[in-house]
Amino acid sequence: MKKHIFPIILILFSLSAFNQDIEYARQIISELCSENFRGRGYEKNGDKKAAKFIRNELISNKLQKFDDDYFQEFSFSINTFPSAISVKIDKNELVPGVDYLVGSQSNSCKGKFPIAWINKKVVNHRDALFNMLSNDLSNYFLAIDTVGIHRKDVLELIEIILDSNVVNAKGIIEIADKKLVYRKSQTEKKFPLIQIKRGKIGHENKFISVNIKNKYIENYTSRNVIAYVKGKTDSFIVFSSHYDHLGMMGKSAYFPGANDNASGVAMNLDLAKYYSGLPENPHYSYAFMFFSGEEEGILGSKYYVNSPFFDLSQIKILINLDMVGDASKGIKIVNGKVFENEYQKFVEINEQNNYLKKVSSRGAAANSDHYYFYDAGVKSFFIYSIGEYKEYHNINDKSEDLPLSGYEDLFRLLRDYTLDFKVN
(Lines give C-alpha, C1' and ligand atoms only; values in the text may rest on other atoms or scores of the structure.)
Protein backbone atom coordinates (compact mmCIF):
# COMPACT_ATOMS: atom_id res chain seq x y z
CA MET A 1 0.00 0.00 0.00
CA LYS A 2 2.84 2.40 0.88
CA LYS A 3 4.25 2.41 -2.63
CA HIS A 4 0.99 3.98 -3.87
CA ILE A 5 0.90 6.75 -1.26
CA PHE A 6 3.69 8.98 -2.65
CA PRO A 7 2.22 9.36 -6.17
CA ILE A 8 -1.16 10.20 -4.60
CA ILE A 9 0.48 12.83 -2.37
CA LEU A 10 2.24 14.32 -5.38
CA ILE A 11 -0.99 14.55 -7.35
CA LEU A 12 -2.84 16.20 -4.46
CA PHE A 13 0.08 18.56 -3.89
CA SER A 14 0.26 19.57 -7.55
CA LEU A 15 -3.48 20.23 -7.68
CA SER A 16 -3.39 22.44 -4.59
CA ALA A 17 -0.29 24.39 -5.67
CA PHE A 18 -0.82 24.73 -9.38
CA ASN A 19 -3.10 27.77 -9.56
CA GLN A 20 -0.20 30.11 -8.85
CA ASP A 21 2.07 28.78 -11.60
CA ILE A 22 0.97 30.91 -14.53
CA GLU A 23 0.87 34.05 -12.40
CA TYR A 24 4.37 33.33 -11.19
CA ALA A 25 5.45 32.86 -14.82
CA ARG A 26 3.88 36.18 -15.83
CA GLN A 27 5.71 37.94 -13.03
CA ILE A 28 9.04 36.43 -14.10
CA ILE A 29 8.52 37.31 -17.77
CA SER A 30 7.40 40.85 -16.98
CA GLU A 31 10.43 41.45 -14.78
CA LEU A 32 12.96 40.00 -17.22
CA CYS A 33 11.49 42.03 -20.08
CA SER A 34 11.52 45.30 -18.18
CA GLU A 35 13.81 48.11 -19.29
CA ASN A 36 15.90 47.58 -16.16
CA PHE A 37 17.38 44.43 -17.72
CA ARG A 38 18.25 46.19 -21.01
CA GLY A 39 17.16 43.25 -23.15
CA ARG A 40 19.40 40.86 -21.15
CA GLY A 41 22.36 41.62 -23.40
CA TYR A 42 25.85 42.91 -22.81
CA GLU A 43 25.24 46.63 -22.74
CA LYS A 44 25.00 48.11 -19.24
CA ASN A 45 25.38 44.61 -17.69
CA GLY A 46 21.87 43.53 -18.64
CA ASP A 47 22.90 39.87 -18.61
CA LYS A 48 24.46 40.14 -15.15
CA LYS A 49 21.33 41.76 -13.73
CA ALA A 50 19.24 38.94 -15.18
CA ALA A 51 21.61 36.30 -13.78
CA LYS A 52 21.37 37.81 -10.29
CA PHE A 53 17.58 37.93 -10.56
CA ILE A 54 17.42 34.23 -11.51
CA ARG A 55 19.84 33.30 -8.73
CA ASN A 56 17.72 35.14 -6.19
CA GLU A 57 14.61 33.27 -7.35
CA LEU A 58 16.46 29.97 -6.96
CA ILE A 59 17.59 30.94 -3.46
CA SER A 60 14.06 32.06 -2.56
CA ASN A 61 12.73 28.68 -3.69
CA LYS A 62 15.40 26.87 -1.63
CA LEU A 63 17.33 25.21 -4.43
CA GLN A 64 20.85 24.03 -3.74
CA LYS A 65 24.08 25.15 -5.42
CA PHE A 66 26.85 22.96 -6.79
CA ASP A 67 29.73 25.29 -6.00
CA ASP A 68 30.43 28.37 -3.89
CA ASP A 69 27.81 30.27 -5.84
CA TYR A 70 25.06 29.53 -8.36
CA PHE A 71 27.16 31.06 -11.14
CA GLN A 72 29.52 29.60 -13.73
CA GLU A 73 31.51 32.34 -15.44
CA PHE A 74 32.89 32.20 -18.99
CA SER A 75 34.08 34.73 -21.57
CA PHE A 76 33.56 35.45 -25.25
CA SER A 77 33.90 38.30 -27.74
CA ILE A 78 30.95 40.51 -28.59
CA ASN A 79 30.18 43.61 -30.67
CA THR A 80 27.90 46.10 -28.90
CA PHE A 81 26.26 49.50 -29.46
CA PRO A 82 25.99 51.10 -26.01
CA SER A 83 25.97 54.73 -27.21
CA ALA A 84 23.23 56.77 -28.86
CA ILE A 85 22.80 56.09 -32.58
CA SER A 86 20.97 58.06 -35.26
CA VAL A 87 20.15 57.65 -38.94
CA LYS A 88 18.62 60.30 -41.21
CA ILE A 89 17.55 59.91 -44.82
CA ASP A 90 17.87 63.38 -46.29
CA LYS A 91 16.20 65.39 -43.49
CA ASN A 92 14.00 62.60 -42.08
CA GLU A 93 15.09 61.10 -38.75
CA LEU A 94 14.42 57.36 -38.60
CA VAL A 95 13.34 55.45 -35.51
CA PRO A 96 15.80 52.74 -34.38
CA GLY A 97 14.31 49.26 -34.14
CA VAL A 98 11.17 50.44 -35.95
CA ASP A 99 12.46 51.94 -39.21
CA TYR A 100 15.94 50.44 -39.27
CA LEU A 101 18.47 48.14 -37.65
CA VAL A 102 22.22 48.58 -37.52
CA GLY A 103 23.86 45.29 -38.47
CA SER A 104 25.41 43.63 -35.43
CA GLN A 105 28.85 43.41 -37.07
CA SER A 106 28.93 47.13 -37.93
CA ASN A 107 31.69 49.45 -36.84
CA SER A 108 31.56 53.15 -35.96
CA CYS A 109 30.65 55.74 -38.56
CA LYS A 110 29.69 59.42 -38.38
CA GLY A 111 28.84 61.95 -41.07
CA LYS A 112 26.64 62.80 -44.05
CA PHE A 113 27.17 60.77 -47.21
CA PRO A 114 25.66 60.59 -50.71
CA ILE A 115 23.76 57.42 -51.64
CA ALA A 116 24.55 55.25 -54.68
CA TRP A 117 22.03 52.60 -55.75
CA ILE A 118 22.05 49.03 -56.98
CA ASN A 119 18.49 48.38 -58.12
CA LYS A 120 16.52 46.96 -61.02
CA LYS A 121 17.06 50.07 -63.16
CA VAL A 122 20.85 49.96 -62.75
CA VAL A 123 21.09 46.21 -63.33
CA ASN A 124 18.97 46.29 -66.49
CA HIS A 125 20.81 49.21 -68.04
CA ARG A 126 23.72 48.06 -70.16
CA ASP A 127 27.05 48.69 -68.49
CA ALA A 128 25.45 50.86 -65.78
CA LEU A 129 26.20 48.38 -62.97
CA PHE A 130 29.78 47.87 -64.14
CA ASN A 131 30.36 51.62 -64.46
CA MET A 132 28.93 52.37 -61.05
CA LEU A 133 30.97 49.67 -59.30
CA SER A 134 34.08 50.89 -61.11
CA ASN A 135 33.74 54.32 -59.49
CA ASP A 136 35.28 55.32 -56.18
CA LEU A 137 32.53 54.56 -53.62
CA SER A 138 34.68 55.14 -50.55
CA ASN A 139 32.66 58.20 -49.54
CA TYR A 140 29.25 56.77 -50.54
CA PHE A 141 26.69 54.58 -48.82
CA LEU A 142 25.63 51.90 -51.31
CA ALA A 143 21.88 51.15 -51.12
CA ILE A 144 20.76 47.76 -52.44
CA ASP A 145 17.20 47.09 -53.57
CA THR A 146 16.77 43.57 -54.98
CA VAL A 147 13.11 43.92 -56.06
CA GLY A 148 12.85 42.95 -59.73
CA ILE A 149 16.42 41.61 -59.91
CA HIS A 150 16.40 37.98 -61.06
CA ARG A 151 19.84 37.44 -62.58
CA LYS A 152 21.63 34.81 -60.53
CA ASP A 153 25.09 36.31 -61.07
CA VAL A 154 23.93 39.74 -59.88
CA LEU A 155 22.20 38.30 -56.81
CA GLU A 156 25.37 36.39 -55.96
CA LEU A 157 27.39 39.60 -56.32
CA ILE A 158 24.94 41.41 -54.04
CA GLU A 159 25.38 38.73 -51.37
CA ILE A 160 29.16 39.22 -51.55
CA ILE A 161 28.78 43.00 -51.25
CA LEU A 162 26.48 42.66 -48.24
CA ASP A 163 28.89 40.28 -46.57
CA SER A 164 32.28 41.84 -47.27
CA ASN A 165 31.78 45.22 -49.02
CA VAL A 166 34.13 44.35 -51.88
CA VAL A 167 33.28 47.72 -53.49
CA ASN A 168 34.82 49.56 -50.52
CA ALA A 169 31.76 51.73 -49.88
CA LYS A 170 31.61 53.82 -46.73
CA GLY A 171 28.64 51.72 -45.68
CA ILE A 172 25.89 49.47 -47.04
CA ILE A 173 22.12 49.99 -46.91
CA GLU A 174 19.88 46.94 -47.38
CA ILE A 175 16.23 47.66 -48.20
CA ALA A 176 14.02 45.36 -46.11
CA ASP A 177 10.56 44.20 -47.15
CA LYS A 178 10.04 41.71 -44.31
CA LYS A 179 10.06 42.31 -40.56
CA LEU A 180 13.33 43.62 -39.21
CA VAL A 181 15.16 40.78 -37.44
CA TYR A 182 18.13 41.53 -35.21
CA ARG A 183 20.97 39.16 -34.32
CA LYS A 184 24.09 39.48 -32.20
CA SER A 185 27.63 38.99 -33.47
CA GLN A 186 31.00 38.05 -32.03
CA THR A 187 32.81 39.74 -34.90
CA GLU A 188 33.31 43.32 -36.09
CA LYS A 189 33.53 44.37 -39.72
CA LYS A 190 35.16 47.48 -41.13
CA PHE A 191 31.94 49.07 -42.39
CA PRO A 192 28.39 49.65 -41.13
CA LEU A 193 25.47 47.72 -42.59
CA ILE A 194 22.04 49.27 -42.06
CA GLN A 195 18.72 47.54 -42.79
CA ILE A 196 16.04 50.11 -43.61
CA LYS A 197 12.37 49.31 -44.12
CA ARG A 198 10.94 49.98 -47.54
CA GLY A 199 8.96 53.19 -47.47
CA LYS A 200 11.50 54.86 -45.20
CA ILE A 201 13.97 55.25 -48.07
CA GLY A 202 13.46 55.49 -51.83
CA HIS A 203 15.45 55.91 -55.02
CA GLU A 204 14.70 59.64 -54.90
CA ASN A 205 16.66 60.05 -51.65
CA LYS A 206 20.16 61.45 -52.04
CA PHE A 207 21.86 61.50 -48.64
CA ILE A 208 22.18 59.49 -45.45
CA SER A 209 23.41 60.99 -42.17
CA VAL A 210 24.62 58.51 -39.55
CA ASN A 211 26.04 58.57 -36.06
CA ILE A 212 26.93 55.02 -35.06
CA LYS A 213 29.42 54.08 -32.37
CA ASN A 214 30.20 50.46 -31.61
CA LYS A 215 32.19 48.93 -28.76
CA TYR A 216 33.89 45.65 -29.55
CA ILE A 217 34.73 43.60 -26.45
CA GLU A 218 37.21 40.75 -26.92
CA ASN A 219 36.70 39.11 -23.54
CA TYR A 220 33.29 39.81 -22.10
CA THR A 221 32.54 37.78 -18.96
CA SER A 222 29.03 36.42 -18.60
CA ARG A 223 27.67 33.59 -16.47
CA ASN A 224 25.47 30.54 -16.45
CA VAL A 225 23.16 30.09 -13.47
CA ILE A 226 22.77 26.54 -12.15
CA ALA A 227 20.99 24.94 -9.18
CA TYR A 228 19.52 21.59 -8.20
CA VAL A 229 17.04 19.67 -6.10
CA LYS A 230 18.51 16.65 -4.36
CA GLY A 231 16.83 13.37 -5.18
CA LYS A 232 17.18 9.87 -3.81
CA THR A 233 19.82 9.08 -6.45
CA ASP A 234 22.76 10.91 -8.01
CA SER A 235 21.24 10.56 -11.47
CA PHE A 236 19.82 13.79 -12.87
CA ILE A 237 16.93 15.01 -14.93
CA VAL A 238 17.96 18.41 -16.31
CA PHE A 239 15.83 21.35 -17.40
CA SER A 240 17.63 24.09 -19.31
CA SER A 241 16.82 27.44 -20.90
CA HIS A 242 18.81 30.46 -22.03
CA TYR A 243 18.15 33.77 -20.32
CA ASP A 244 20.23 36.06 -22.55
CA HIS A 245 18.69 38.04 -25.40
CA LEU A 246 19.72 40.77 -27.84
CA GLY A 247 20.25 43.62 -25.43
CA MET A 248 20.25 47.15 -26.83
CA MET A 249 20.95 48.89 -30.13
CA GLY A 250 21.94 52.35 -29.03
CA LYS A 251 20.36 54.00 -26.01
CA SER A 252 16.73 54.04 -27.11
CA ALA A 253 16.07 50.63 -28.69
CA TYR A 254 16.09 47.49 -26.57
CA PHE A 255 14.80 43.99 -27.28
CA PRO A 256 12.58 42.65 -24.46
CA GLY A 257 12.72 38.97 -25.52
CA ALA A 258 9.47 37.80 -23.93
CA ASN A 259 9.01 34.63 -25.95
CA ASP A 260 12.72 34.33 -26.68
CA ASN A 261 13.41 33.37 -24.02
CA ALA A 262 11.92 34.85 -20.88
CA SER A 263 9.16 32.29 -21.44
CA GLY A 264 11.60 29.38 -21.18
CA VAL A 265 13.24 30.89 -18.10
CA ALA A 266 9.83 31.30 -16.46
CA MET A 267 8.90 27.68 -17.14
CA ASN A 268 12.29 26.53 -15.87
CA LEU A 269 11.95 28.56 -12.66
CA ASP A 270 8.37 27.37 -12.28
CA LEU A 271 9.52 23.75 -12.48
CA ALA A 272 12.36 24.46 -10.06
CA LYS A 273 9.87 25.95 -7.60
CA TYR A 274 7.59 22.95 -7.97
CA TYR A 275 10.26 20.28 -7.48
CA SER A 276 11.92 22.06 -4.59
CA GLY A 277 8.56 22.18 -2.82
CA LEU A 278 7.67 18.50 -3.07
CA PRO A 279 6.79 16.95 0.31
CA GLU A 280 9.31 14.16 -0.27
CA ASN A 281 12.53 13.95 -2.28
CA PRO A 282 11.90 12.73 -5.84
CA HIS A 283 13.62 9.61 -7.13
CA TYR A 284 16.01 11.46 -9.45
CA SER A 285 17.88 14.64 -8.66
CA TYR A 286 16.81 17.64 -10.76
CA ALA A 287 19.20 20.24 -12.15
CA PHE A 288 17.98 23.59 -13.47
CA MET A 289 20.37 25.35 -15.86
CA PHE A 290 20.04 28.88 -17.19
CA PHE A 291 22.54 29.65 -19.94
CA SER A 292 23.97 32.88 -21.29
CA GLY A 293 25.53 33.39 -24.73
CA GLU A 294 22.87 31.41 -26.63
CA GLU A 295 22.15 34.20 -29.09
CA GLU A 296 25.87 34.36 -29.99
CA GLY A 297 26.10 30.66 -30.86
CA ILE A 298 24.91 28.54 -27.87
CA LEU A 299 28.14 29.49 -26.06
CA GLY A 300 27.04 29.08 -22.43
CA SER A 301 25.81 25.51 -22.83
CA LYS A 302 28.90 24.63 -24.85
CA TYR A 303 31.07 25.93 -22.03
CA TYR A 304 29.09 23.95 -19.47
CA VAL A 305 29.39 20.70 -21.41
CA ASN A 306 33.16 21.19 -21.47
CA SER A 307 33.25 22.11 -17.75
CA PRO A 308 30.32 20.28 -16.11
CA PHE A 309 29.48 20.40 -12.39
CA PHE A 310 28.84 16.66 -12.43
CA ASP A 311 29.58 13.89 -14.89
CA LEU A 312 27.40 14.10 -18.00
CA SER A 313 26.82 10.34 -17.78
CA GLN A 314 24.67 11.03 -14.70
CA ILE A 315 22.10 12.85 -16.85
CA LYS A 316 19.20 10.56 -17.69
CA ILE A 317 17.56 13.16 -19.89
CA LEU A 318 17.83 16.89 -20.60
CA ILE A 319 14.83 18.98 -21.63
CA ASN A 320 15.67 22.40 -23.08
CA LEU A 321 12.93 25.03 -23.13
CA ASP A 322 13.26 27.84 -25.65
CA MET A 323 10.31 29.99 -26.85
CA VAL A 324 7.38 28.35 -25.09
CA GLY A 325 5.15 31.43 -24.82
CA ASP A 326 2.32 30.33 -27.12
CA ALA A 327 1.41 26.63 -27.37
CA SER A 328 -2.06 27.23 -28.78
CA LYS A 329 -1.22 24.84 -31.63
CA GLY A 330 0.96 22.51 -29.60
CA ILE A 331 4.68 21.90 -29.24
CA LYS A 332 7.53 20.65 -31.36
CA ILE A 333 10.21 18.36 -29.89
CA VAL A 334 13.64 18.51 -31.54
CA ASN A 335 15.39 15.11 -31.37
CA GLY A 336 12.00 13.44 -31.14
CA LYS A 337 12.90 11.43 -34.24
CA VAL A 338 16.23 10.48 -32.64
CA PHE A 339 15.01 9.27 -29.23
CA GLU A 340 11.72 7.79 -30.38
CA ASN A 341 10.86 5.78 -27.26
CA GLU A 342 11.33 8.77 -24.98
CA TYR A 343 9.44 10.99 -27.41
CA GLN A 344 6.48 8.59 -27.59
CA LYS A 345 6.08 8.87 -23.83
CA PHE A 346 5.37 12.60 -24.30
CA VAL A 347 2.75 11.73 -26.91
CA GLU A 348 1.10 9.11 -24.70
CA ILE A 349 0.89 11.35 -21.63
CA ASN A 350 -0.50 14.20 -23.73
CA GLU A 351 -3.17 12.02 -25.34
CA GLN A 352 -4.17 10.40 -22.04
CA ASN A 353 -4.70 13.78 -20.39
CA ASN A 354 -5.80 15.84 -23.38
CA TYR A 355 -3.24 18.52 -22.55
CA LEU A 356 -1.93 20.17 -25.72
CA LYS A 357 -3.49 20.25 -29.16
CA LYS A 358 -0.51 18.50 -30.75
CA VAL A 359 2.89 17.07 -29.85
CA SER A 360 5.08 16.62 -32.92
CA SER A 361 8.72 15.74 -33.50
CA ARG A 362 11.75 16.86 -35.47
CA GLY A 363 15.15 15.36 -36.09
CA ALA A 364 18.46 16.57 -34.73
CA ALA A 365 19.25 20.29 -35.02
CA ALA A 366 22.00 22.51 -33.61
CA ASN A 367 19.58 25.34 -32.87
CA SER A 368 19.48 25.70 -29.08
CA ASP A 369 21.18 24.76 -25.82
CA HIS A 370 20.37 21.06 -25.97
CA TYR A 371 22.79 20.57 -28.86
CA TYR A 372 26.19 20.21 -27.18
CA PHE A 373 24.71 17.86 -24.58
CA TYR A 374 23.31 15.75 -27.39
CA ASP A 375 26.65 15.90 -29.20
CA ALA A 376 28.32 14.63 -26.00
CA GLY A 377 26.02 11.60 -25.85
CA VAL A 378 23.29 12.88 -23.50
CA LYS A 379 19.67 12.12 -24.34
CA SER A 380 18.44 15.62 -25.01
CA PHE A 381 15.25 17.26 -26.24
CA PHE A 382 14.56 20.85 -27.25
CA ILE A 383 10.91 21.85 -26.84
CA TYR A 384 9.41 24.96 -28.40
CA SER A 385 5.77 25.96 -28.73
CA ILE A 386 3.68 26.46 -31.85
CA GLY A 387 1.03 29.18 -31.96
CA GLU A 388 -0.11 32.45 -33.45
CA TYR A 389 2.48 34.63 -31.73
CA LYS A 390 5.12 35.60 -34.30
CA GLU A 391 7.28 38.33 -32.76
CA TYR A 392 10.91 37.29 -32.97
CA HIS A 393 14.22 39.14 -32.51
CA ASN A 394 12.59 42.54 -32.62
CA ILE A 395 11.50 45.27 -30.23
CA ASN A 396 7.91 43.97 -30.20
CA ASP A 397 8.51 40.70 -28.35
CA LYS A 398 6.95 42.18 -25.20
CA SER A 399 5.72 40.54 -22.01
CA GLU A 400 2.31 42.22 -22.14
CA ASP A 401 1.62 40.76 -25.58
CA LEU A 402 2.75 37.20 -24.90
CA PRO A 403 -0.39 35.05 -24.53
CA LEU A 404 1.10 32.07 -22.64
CA SER A 405 -1.54 29.93 -24.33
CA GLY A 406 -1.13 26.29 -23.30
CA TYR A 407 1.40 27.22 -20.62
CA GLU A 408 -0.35 25.32 -17.84
CA ASP A 409 -0.81 22.22 -19.97
CA LEU A 410 2.83 22.23 -21.05
CA PHE A 411 3.82 22.52 -17.38
CA ARG A 412 1.61 19.53 -16.56
CA LEU A 413 3.05 17.52 -19.43
CA LEU A 414 6.62 18.20 -18.30
CA ARG A 415 5.73 17.45 -14.68
CA ASP A 416 4.03 14.16 -15.50
CA TYR A 417 6.78 13.11 -17.86
CA THR A 418 9.65 13.70 -15.46
CA LEU A 419 7.97 12.44 -12.28
CA ASP A 420 7.24 9.16 -14.03
CA PHE A 421 10.44 9.10 -16.11
CA LYS A 422 11.82 5.67 -16.95
CA VAL A 423 14.95 4.92 -18.93
CA ASN A 424 14.19 2.85 -22.03
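The values are calculated or read from the model by the stated rules, or taken from the named source; none is laboratory data. Just so we're clear, the structure is a prediction, and the values are computed from it rather than from any experiment. Don't worry about glycine lacking a Cβ; one is built from the backbone with ideal geometry, like all the others, and counts go over all protein chains shown. Keep in mind that these areas ignore ligands, DNA and RNA; they rest on the heavy atoms of the full protein, side chains included. Shrake-Rupley method; radii C 1.70, N 1.55, O 1.52, S 1.80 Å.
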Indicate, rounded to the nearest 5 percent, the antiparallel portion of the DSSP beta bridges found entirely in the chain.
-> 50
Comparing 133, 278, 157, which has the greatest mean-square fluctuation in the GNM of the chain with Cα pairs linked when under 10 Å apart?
-> 157
Shape of the range 164-210 from its Cα gyration tensor (a ≥ b ≥ c, root eigenvalues): rounded if a/c is under 1.5, otherwise prolate when a/b > b/c, or oblate?
-> oblate
So for the range 17-114, taking the charge dipole from beta-carbon charges (+1 Lys/Arg, -1 Asp/Glu), which of 109, 53, 72 sits furthest toward the positive end?
-> 109
Expressed in square angstrom to the nearest 10, the accessible area of residue 34 with a 1.4 Å probe stands at 30
The chain accessible area per residue, 1.4 Å probe, protein heavy atoms, integer Å², reads 45
Relative contact order (%) - the range 101-176, alpha-carbon pairs under 8 angstrom, separation at least six = 33
Under Karplus coefficients 6.51, -1.76 and 1.60, residue-wise ³J(HN,Hα) of the range 312-320 in Hz, glycine/proline x | 4, 5, 7, 7, 6, 7, 10, 10, 9
Find the relative contact order for the chain and round it to a whole percent, using C-alpha pairs within less than 8 Å whose residues are 6+ positions apart.
-> 21
In nm, the gap between the two label points placed 7 Å beyond Cα toward Cβ at residue 155 and residue 206 is 3.4
Quarter of Cα convex hull surface for the range 60-139, i.e. mean projection, nm² | 11.2
Equivalent ellipsoid semi-axes for the range 108-226, as square roots of 5 times the alpha carbon gyration tensor eigenvalues: give them largest first, rounded to whole Å.
-> 29, 17, 15
State whether the range 241-325 is rounded, prolate or oblate according to the following rule on the C-alpha gyration tensor (a ≥ b ≥ c being the square roots of its eigenvalues): a/c under 1.5 gives rounded; otherwise a/b larger than b/c gives prolate, and the remaining case gives oblate.
-> oblate
Can you list the trypsin sites (Lys or Arg not before Pro) in the range 192-259 that are in a DSSP coil and have 16 or fewer other beta carbons within 10 angstrom?
-> 198, 206, 213, 230, 232, 251
Whole-Hz Karplus ³J(HN,Hα) for the range 147-152, in order, using 6.51 cos²θ - 1.76 cosθ + 1.60 and θ = phi - 60°, x for Gly and Pro?
-> 4, x, 9, 10, 5, 4
Qualifying aspartates and glutamates (Cα of each under 14 Å from Cα of residue 170; at least 8 residues distant if same chain) = 136
Tilt, helix 263-276 to longest principal axis of the chain (alpha-carbon atoms), in degrees rounded to tens, equals 20
Would you please classify the overall shape of the range 251-395 from the alpha carbon gyration tensor, given that a ≥ b ≥ c denote the square roots of the eigenvalues, rounded means a/c under 1.5, and beyond that prolate means a/b larger than b/c while oblate covers the rest?
-> rounded
Per DSSP H run of at least 4 residues, take -39500 (n - 2.57); add these up for the chain, divide by its residues and hand me the 222 nm value, nearest 500 deg cm²/dmol.
-> -8500 deg cm²/dmol
Charge dipole of the range 134-227 about the Cα centre (unit charges at C-beta), most positive-ward option of 222, 141, 192 | 222
Calculated P(r) of the chain - Cα pairs past 32 Å, % = 43
Hz values of 3J(HN,Hα) by residue in the range 227-232 - Karplus curve (6.51, -1.76, 1.60), Gly and Pro given as x = 8, 8, 10, 6, x, 7
Heavy-atom SASA rank of 35, 408 (probe 1.4 Å, accessible area, largest first) = 35, 408
5 angstrom amide H check on residue 208, placed H, neighbours 5+ away = 90, 113, 115
Over the chain, with every protein chain in place, what whole percent of the accessible area is carbon and sulfur at 1.4 Å, could you tell me?
-> 47
